[in-house]
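J.: Take a look at this one; I'll ask things after.
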Amino acid sequence: MGTKTVDETGVKTDEHKTDEAAEAAEATEASESIEVTKAAEAPEAAETDTPEDADAAADEDTDGTEGTAAAPTGVGQGAGAVVSAGLGIVSLTGSWVGTVASARESLMGQLQTSSSSDVGTLIEKGYGNAWQATAMWGGIFALVALIVGVVVLARPAFGAPGRPQAPWIKSVAWAGVALGVIGLLLAVLKYTDVLLGLPATG
């Protein structure tokens, strides 16, 4: 009852139909296992790629940070401009170095003269040399202020191209240059007795 044979016309028996159904089920299971394997491998590939992408992004961020840190910030130029202006003011108002040098020259003049010296010698030794020492130190401060201001103004020409100098740095540097020029001019006039020279003794 349970088995049928294949007749000469090629009709399949129940056994052949059962075998074909089993083979179809096995093929379906194999395809499903392949799909499951591919789906399991996909997250692993994504997880593998993600750290590399993160490392590349971190490297890019690091490179960008280093580039920004290496770029000039203008702090040195600003400090130089302030120093130039400060030295220019000192050259006009006087400094403790000039005061000490003036007192020293006055003391040496008094030691080199006596009560029997004439008035012209007393004035020259006691006050003239001290006045010239003050003018000399004022001129030194003015010259340094002028040089520093010019260097700050000329620095962008030797720095990174396309990076403009801050306006306040230019303003302060120009102020230092102007004060240096004025202080240097006054120092020369005082040292040569053109400005506020010693009184004539007749």
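The values are calculated or read from the model by the stated rules, or taken from the named source; none is laboratory data. This structure is a prediction, so every number in the text was calculated from the model and none was measured. Because the Cβ atoms are built from the backbone with ideal geometry, glycine has one as well, and the counts that use them run over all protein chains shown. Keep in mind that these areas ignore ligands, DNA and RNA; they rest on the heavy atoms of the full protein, side chains included. Shrake-Rupley method; radii C 1.70, N 1.55, O 1.52, S 1.80 Å.
Residue-wise test of (1) buried (at least 18 other Cβ atoms within 10 Å of the Cβ); (2) part of a helix (DSSP H, G or I); (3) without any contact (Cβ under 8 Å) to a residue 60 or more places away in the chain; (4) touching a helix residue (DSSP H, G or I) at 6+ places or on another chain (Cβ under 8 Å).
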{"site": "108", "(1), (2), (3), (4)": "no, yes, yes, yes"}
{"site": "121", "(1), (2), (3), (4)": "no, yes, yes, no"}
{"site": "141", "(1), (2), (3), (4)": "yes, yes, yes, yes"}
{"site": "144", "(1), (2), (3), (4)": "yes, yes, yes, yes"}
{"site": "148", "(1), (2), (3), (4)": "yes, yes, no, yes"}
{"site": "154", "(1), (2), (3), (4)": "no, yes, yes, no"}
{"site": "169", "(1), (2), (3), (4)": "yes, yes, no, yes"}
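J.: Do the conditions hold for residue 160, that is, is it modelled with pLDDT under 75, over 30 Å from residue 192 (Cβ atoms), open to solvent by less than 80 Å² (accessible area, probe 1.4 Å) and of a type outside the set (Phe, Trp, Tyr)?
T.: yes
J.: Let me ask something additional. Would it be correct to say that residue 187 is part of a helix (DSSP H, G or I) and open to solvent by less than 80 Å² (accessible area, probe 1.4 Å)?
T.: For residue 187, the condition - part of a helix (DSSP H, G or I) and open to solvent by less than 80 Å² (accessible area, probe 1.4 Å) - is met.
J.: Then there's this: Determine which single condition residue 72 fails, assuming it passes every other condition in (1) within 32 Å of the chain's Cα centre (by Cα); (2) modelled with pLDDT under 80; (3) part of a helix (DSSP H, G or I); (4) surrounded by 12 or more Cβ atoms within 10 Å (Cβ to Cβ).
T.: Checking residue 72 against (1) within 32 Å of the chain's Cα centre (by Cα); (2) modelled with pLDDT under 80; (3) part of a helix (DSSP H, G or I); (4) surrounded by 12 or more Cβ atoms within 10 Å (Cβ to Cβ), the one that fails is (3).
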